[in-house]
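Some notes on the structure that comes next.
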Amino acid sequence: MSEDLTNFRPKTEFSRREFVVTSLAAGFALAVQPVSAQTITTDTNGLTAGEVKIPVADGEIPAYRAMPAKGKSFPTILVVQEIFGVHEHIKDLCRRFAKAGHFAVAPELYARQGDVSKLTDFNEIRKIVAKVPDAQVMSDLDATVAYAKKSGADSSKLGITGFCWGGRIVWLYSAHNPNLKAGVAWYGRLVGPASELNPKHPVDVAAQLKAPVLGLYGAKDTGIPQDTVEQMRAAIKAANGKSEIVVYPNAGHGFNADYRPGYDKEAAQDGWRRLQEWFKKYGAA
């Protein structure tokens with residue numbers, strides 16, 4: 001995959017520096033309101049955290065970055081957004097990584113296509129997200145790694161994790177970047193029809209994974225049928241790689257999203273534990 005994107009320049013309807021999203025939304029996306037009482041809030045004590053700008057091929061995109069306030073050369077974690085964009089939940093996840101000693105950064109990967117944070121109609125959100133090319137996302141994530149390295153982070157210890165929409169991206173980026181150490185994909189779609197913007201899906205790149213991926217899925221996820229999870233499991237097994245898939249029998253989609261009703265505390269905590277162990281095992285921590 002990486003060979004095809006070496007000289008990639010995103011094709012968009014906007015000229016240089018003309019982006020729909022130039023700054024991140026405050027709080028939670030409107031589509032997820034009201035927010036659950038069980039929502040986890042991680043403070044910024046001992047952290048340097050906030051919005052930054054990532055230079056990309058055709059301008060710059062906003063991102064949320066969190067890291068320890070003291071020290072240097074922290075391992076780098078790319079945090080890839082849910083379908084709702086880089087809203088408060090994704091920012092909080094970055095702070096959780098920072099509390100654990102990482103340089104965590106979540107770029108707004110729909111910046112050219114639209115602002116989903118202010119939409120309440122899920123179908124309207126889908127229309128914007130459907131316009132986002134995979135090649136553009138790979139390029140923007142590469143630019144984010146370059147930003148982290150320039151900022152003093154240790155990009156040789158590089159991991160990626162993503163949720164929902166971002167879970168699919170984790171698999172694709174793990175086939176794209178040969179310098180990635182490990183990935184953890186939370187309930188990301190695994191199969192689908194090929195299109196110009198989405199030419200391949202995780203099951204198509206299982207044999208090209210350059211870093212081991214841990215997939216975390218829920219057996220009760222109605223949007224990601226178990227037969228597709230088994231297809232992916234068979235594909236990574238056939239590739240003889242180190243990737244693994246864990247399925248939580250009682251969890252549905254978005255089980256780590258503590259701000260939503262579908263949050264499964266037991267599965268979320270176990271997944272977070274496994275994530276930390278995975279990153280340590282493969283050199284991303």
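So here's what we get for this one:
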read-out	value
Residue in the range 217-224 that is open to solvent by 30 Å² or more (accessible area, probe 1.4 Å) and acidic (Asp, Glu) present	no
Residue 73 modelled with pLDDT under 90 and open to solvent by 20 Å² or more (accessible area, probe 1.4 Å)	no
Scope the range 92-119; condition open to solvent by less than 20 Å² (accessible area, probe 1.4 Å) and assigned to a helix (DSSP H, G or I); matching residues	92, 93, 94, 95, 97, 98, 116, 117
Selection from the range 249-285 of residues that are under 27 Å from residue 210 (Cβ atoms), in contact with a strand residue (DSSP E or B) (Cβ under 7 Å, 6 or more places away or on another chain) and either open to solvent by less than 50 Å² (accessible area, probe 1.4 Å) or hydrophobic (A, V, I, L, M, F, W, C) (or both)	256, 271, 275, 278, 279, 282, 283, 284, 285
Residue within the range 202-212 that is open to solvent by 60 Å² or more (accessible area, probe 1.4 Å), touching a residue at least 12 places away in the same chain (Cβ under 8 Å) and among the hydrophobic types (A, V, I, L, M, F, W, C) present	yes
Single residue of the range 76-91 satisfying the filter (open to solvent by 10 Å² or more (accessible area, probe 1.4 Å) and not basic (Lys, Arg)) that is farthest from residue 34 (Cα to Cα)	83
The one condition in (1) open to solvent by 10 Å² or more (accessible area, probe 1.4 Å); (2) within 17 Å of residue 188 (Cα to Cα); (3) assigned to a strand (DSSP E or B) that residue 156 fails to fulfil	(2)
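The values are calculated or read from the model by the stated rules, or taken from the named source; none is laboratory data. These figures come from a predicted structure and were not determined experimentally. Backbone-built Cβ (ideal geometry, glycine too); neighbour counts: all protein chains shown. These accessible areas exclude ligands, DNA and RNA; they are computed on the full protein's heavy atoms, side chains included. Shrake-Rupley method; radii C 1.70, N 1.55, O 1.52, S 1.80 Å.
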